[in-house]
Each structure stands twice: as structure tokens, then as C-alpha cells.
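None of the figures in this text is laboratory data; all of them are computed from the coordinates on show. Every value quoted in this text rests on a predicted model; they were computed, and no experiment measured them. Cβ: placed from backbone, ideal geometry, glycine included. Neighbour counts: every protein chain shown.
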Amino acid sequence: MVDVCLHDLPVRLLATGGGAVYAPLGPTHMAIEDLGILRPVPNLAIVVPADAVEMARAMEASLAWPGPLYIRFAKGGDAVVTEPLPFAIGRAIRVREGSDALVVTTGTTLQIALAALPLAAARGVQAGILHLPTIKPFDAAAVVAAARAVKRVVTIEEHVRTGGMGSAVAELLAEAGLERMPAFRRLALPDAFPHTYGSQANHLAAAGVTVEGLVAALAGDGP
């Protein structure tokens, strides 16, 4: 904060193993609060790529970014789902259109959303996807425009519920002055230190950050 962001220096902070990637090593190795810690830091841009292709585009875009930049890596080997999508730091990406609900994703949760859409459609919910590879600067205009057109918004992220991408969307929509506020739900990890060991998938499943959990949220099941 003091040495880099205060002076708005073009330093790149490359964070490997973001989220629950290192879950098998226990709670001391899980980086599930980083976005909430870093979002309030002035001048710091935050990028969370969905796959290796988006990661490569983020690295290329970083060459021209004038200030500090935090890039959160996943574990690698994830399915490539962003091949045809554009990328620019600070820009949201409209991946799918939907008339009933909107899923807002960041990082690898885009894969969950893409798998959930046909299952949601089978339950009568036509959902769209807005992908946020950049958490800061936040593409507020794109989020508001996409949310205005639907009845329900669900955010999904590999981060604790507090302070992450879902919180950013909630804060924005609360102050957006929408004529009709959509129903809103965050899918995320609990605001607690993990007390169990297991894989990344185990921890996400326990929190409902899964295809099934997203389908249920889109259909309005649960709180």
C-alpha cells in the first residue's frame, strides 16, 4: 500500500493459488479474503482471469496499464472457456443473454455458470452471464444495464461472502436507483476460517458454489 499504491507505481502483484486452490494444505494456505482486503486500496487494479487464455490476455494488457495491478491466478489446467471473448482491464464481458436472470461471475466461476445455464433453462429460467475478469476498476455501467433487464441477479465467486465481487455488485445495485430492484443472491464461501481439510472442490461444494447451487439460486430456491 505504502510503497506501491500510494505512489501509483506500475508494479504487478502476481498472486498464485487464489481462492481455495491450496485447500488440501489447510486453512493457512487458502487465499479466500484477498479481494475484500484489496478492493479498498486506492489506485490498485484487480484482475481475476477465468482460464489460461484470459490470463495470457491479462498479462498482455498489463504491459500498458499505468498503475499497480494485482492478478489472481487459479491452479492451471482449468477448461478454456474464454477463447472467443474480448478482454480489456476494467471491462465486463457479456457472455450470454437472458431475459429472466443474470449470473455475475469472476475467475473460474464462469465455468460453473456456463454449465448451469442449460439446467436452469430446463427449469424455465432463461439466464444470462456477465463476466467480470476485472474487479477494480469496476464496470458499473455494464452491471447496472444487465441487472436492469432481469428479475433476479446471482453472483458467484471463489471468495468469502464479505467484501468480494458479490459485495461490489450489491453495493452498486443498492445505490443505482433502479426502477425495480431485482432479487439478489450471493454464492460464495462462508465468512469463517475453514475447519476441515479437503480439495478445492470439496470446499466449494460445501458452500454451494457449484452448478447445482447456482441452478437452485437462479430458480429462487432457498433464502
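List of remarks:
- Estimated vicinal HN-Hα couplings, Hz - region 146-159 in sequence order (Karplus 6.51, -1.76, 1.60; Gly, Pro = x): 5, 6, 4, 8, 10, 8, 9, 10, 10, 9, 9, 8, 9, 6
- Residue-averaged 222 nm ellipticity for the chain, from DSSP H runs of 4+ at -39500 (n - 2.57), nearest 500: -8500 deg cm²/dmol
- Segment Glu83-Ala56, length gained on full extension (0.36 nm per residue, minus Cα span): 8.6 nm
- The chain - share of DSSP beta bridges that are antiparallel (%, nearest 5): 20
- Total formal charge among the other residues, if their Cβ is under 14 angstrom from that of Val215, Lys/Arg +1 and Asp/Glu -1: 0
- Here's how it looks for Ile135: its modeled amide H is under 5 Å from those of Ile46, Val47, Val48, which are all 5 or more places away or on a different chain.
- Region 12-218: C-alpha gyration tensor shape, a/c 1.5 cut-off, then a/b vs b/c: rounded
- Among beta bridges from DSSP that stay inside region 1-90, the antiparallel ones total about 10%.
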